Structures are given as structure tokens and as C-alpha cells.
Amino acid sequence: MLIFKILSAEQWAALARDGRTAGAPVDLADGFIHFSTAAQVVETAAKHFAGRDDLVLAAVDAAS
């Protein structure tokens with residue numbers, strides 16, 4: 001099953017460079033990484049990232 005993480009281009013570049021991430025500010029504040037299912041990702045983007053044009057959608061295999 002794929003799950004999705006919406007990242008800013010800056011967060012994506014840091015993940016690509018470092019090979020890991022501690023998460024976005026909201027993840028750090030909440031103490032866990034927020035992911036979305038395929039059914040949730042459009043609503044998540046609209047609710048939390050409206051108007052942003054610097055986003056990357058990362059797909060993660062939850063079974064791995």
C-alpha cells in the first residue's frame with residue numbers, strides 16, 4: 001500500500017540530500033510524520049497547502 005507525504009521543494013531537496021527527514025514543522029510539533037492515503041491526499045493538499053506552488057508529493061511503500 002502506498003502512502004503519501006506532501007513536502008515543500010526545500011524539504012524534498014533536504015530529504016534527497018540527507019537520505020532522511022525529521023519531518024515538516026507540523027510533524028515535529030505533533031511528534032510524528034503525517035502521511036495521507038490516496039483517498040486523502042487531494043483533501044490534505046487543499047486544506048493544508050492551498051495556494052502553494054512549491055510542493056512535491058512523495059509516495060512511500062507502507063509495507064517496506
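The values are calculated or read from the model by the stated rules, or taken from the named source; none is laboratory data. Keep in mind the model is a prediction, meaning the values are calculated, not measured. Here the Cβ positions follow ideal geometry from the backbone for every residue, glycine too, while neighbour counts run over all protein chains shown.
Summary table below
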quantity: Selection count where residues are surrounded by 11 or more Cβ atoms within 10 Å (Cβ to Cβ) and hydrophobic (A, V, I, L, M, F, W, C), scope segment 27-41; calculated: 5
quantity: The lone exception for Leu57 - which of (1) surrounded by fewer than 15 Cβ atoms within 10 Å (Cβ to Cβ); (2) assigned to a helix (DSSP H, G or I); (3) in contact with a strand residue (DSSP E or B) (Cβ under 7 Å, 6 or more places away or on another chain) it fails; calculated: (2)
quantity: Of all residues making up segment 20-47, the number that are part of a helix (DSSP H, G or I) and modelled with pLDDT under 95; calculated: 2
quantity: So Ala63, is it of a type in the set (A, V, I, L, M) and surrounded by 11 or more Cβ atoms within 10 Å (Cβ to Cβ); calculated: no
quantity: Qualifying residue in segment 5-19 (condition: in a loop (DSSP other than H, G, I, E, B) and either touching a residue at least 60 places away in the same chain (Cβ under 8 Å) or under 13 Å from the mean Cα position of the chain (by Cα) (or both)); calculated: no
quantity: Condition met for Gly23 (small (Gly, Ala, Ser), more than 19 Å from Ala63 (Cα to Cα) and surrounded by 16 or more Cβ atoms within 10 Å (Cβ to Cβ)); calculated: yes
quantity: Residue check, Glu43 out of contact with any Ser or Thr (no Cβ under 7 Å at 6 or more places or on another chain), of a type outside the set (A, V, I, L, M) and free of Cβ contacts under 8 Å to residues at least 12 places away in the same chain; calculated: yes
